[in-house]
Amino acid sequence: MYSEFPVLEALVPDILKVFRQRISILEQISLNAPVGRRSVAQALGLSERNVRTETDYLSKLGLIEVKSFGMFMTEKGQETLQDAAPLIDRLVNARKSEIELARKLGIERTIIVPGDSDLQERVYERMGTELSSALDLLLPLGQSIITVLGGVALSKAAGYLSKSLGNNRQLVFVPGRGALGENVAIQSNTIVQAMAAKTGGEYKTLYLPEQVSKEAYKSLIREATVADVLEDISQSDVVIHGIGLAHDMARRRGYDSIRLSELREKKVVTECFGCFFDGNGKIVDRVQQVGLQFENLNKIPHIFAFACGGRKANAIKAYMPNAPHQTWLITDEGASDKILKEK
C-alpha cells in the first residue's frame, strides 16, 4: 500500500473500506445488469439495507441508474470503473507478478510474500500479516463468520492476525472440519481459538472425527451442538483453507498401503476439503467428512487459499481449476515462481 493511503485513513477512517465496497457494487452491476439489490447483496455478502444506501448514493452521483427491472451502469459509471482499475491495484498492493499469477490460476487475486517457506520460517509471519490486512479490507463492519480449515501453514500464521481487525467487528471463528487425529496444534479447533484470541473475537469448536461413515454422518449432523456449527459454516462470510500434498494428507487420514498405492496409480497431487485431485484438477478420490463441503464453496463471498513453499507449487496448480473465482491465494515466491515459470 502506498504511503498516502494510511494518511487518508487517519484523516477519514474507513475510507478505504467504503471505496472497496462501492467499487465491488459497481463491478457487480456492470457484470450482471440489469440486476436487483438483493442479488448484489447476496453476491457480496452485504445486507440489502447496506446495498440500498450505497446504490442510492451511486445513483445520485450519476454512476448507475435504478429502474423497476433492475440497476445498470451509466456511461459515466463505466468510465469511472475503468479509471479506478489502476487505483484498485495500488490499493491492494498488487504487483505485476501477483496479477499475472491470478490470471494464470483463474482466480480473483493473489498475494505473494517474499521468500520460500520451505527454507525460511519467517515467511509464515508475513503471510499471516497479509491475511490480516486482506480481511480488514474485505470484511464489513459488524458481525462476520469466518470458517477456518486446519494445516501447518495456517497454524503458524494464525498468531499474526492484528488485534485491530476486531475493531467495530464481531468476528466468529468456526472450524471447517473435525479432527484428523493429528497434531493438535494444526487442527481447525486450535487455529480458530488462536485467531479469536488475537482479534478479540469468539470461536466455536467441532470436537469430532473428521472422517465418518455415511450412517454416522447422518446421525452426527442431527446433534444440536454439531448442527449449530454446521449452520454457522453454511452462513460463512469467509473461508480460509490450506492446500495439502495428497500423500501427506492421505497418511494423516490413516490410509493403508493399499489405498496409498491406489492414489499413486491415479497420480493424485493435492487434497482439499476431503477431495483428492490429480494433476488435471479431476477429483479421483473422496472421503465423507463432517464440516464444510466442497460443493458449498461457491456460496461463500470471500475465500482465502493459504499455501506456500516450492514443494506446494504443483498442488496449488492442481487445485485451482476447481477454486471459485472469488478465491484469493496467499502464497510465497517459492511457490509462485515455479508456477509462473511453467507454460
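For this structure, a couple of remarks:
- Qualifying strands (runs of 3 or more DSSP E) (wholly inside the range 276-333; at least 1 residues being outside the structural domain of Arg122 (by TED's automatic domain parsing) and either of a type in the set (Ser, Thr, Tyr) or in contact with a Phe, Trp or Tyr (Cβ under 6 Å, 6 or more places away or on another chain) (or both)): none
- One residue from Ala250, Ala246, Ala335 being under 19 Å from Arg109 (Cα atoms) and surrounded by 21 or more Cβ atoms within 10 Å (Cβ to Cβ): Ala335
- Listed conditions (1) at pLDDT 90 or above; (2) crowded, with 17+ Cβ neighbours inside 10 Å are all met by Leu340, apart from (2).
- The range 260-290, residues that are out of contact with any strand residue (DSSP E or B) (no Cβ under 8 Å at 6 or more places or on another chain) and without any contact (Cβ under 8 Å) to a residue 40 or more places away in the chain: Leu260, Ser261, Arg264, Glu265, Lys282
- Qualifying residue in the range 27-39 (condition: among the polar types (S, T, N, Q), over 24 Å from Leu161 (Cβ atoms) and surrounded by fewer than 14 Cβ atoms within 10 Å (Cβ to Cβ)): no
- The range 138-160 residues that are within 14 Å of Ile330 (Cα to Cα), paired with ones that are of a type in the set (A, V, I, L, M) and assigned to a loop (DSSP other than H, G, I, E, B) (beta carbon under 8 Å, 6 or more apart): Ala153/Ala307
- Options Ser117, Ser144; residue that is outside any helix (DSSP H, G or I) and within 27 Å of Ala246 (Cβ to Cβ): Ser117
The values are calculated or read from the model by the stated rules, or taken from the named source; none is laboratory data. None of the values given here were measured: they were computed from a predicted structure. Cβ atoms come from the backbone with ideal geometry, glycine included; neighbour counts cover every protein chain shown.
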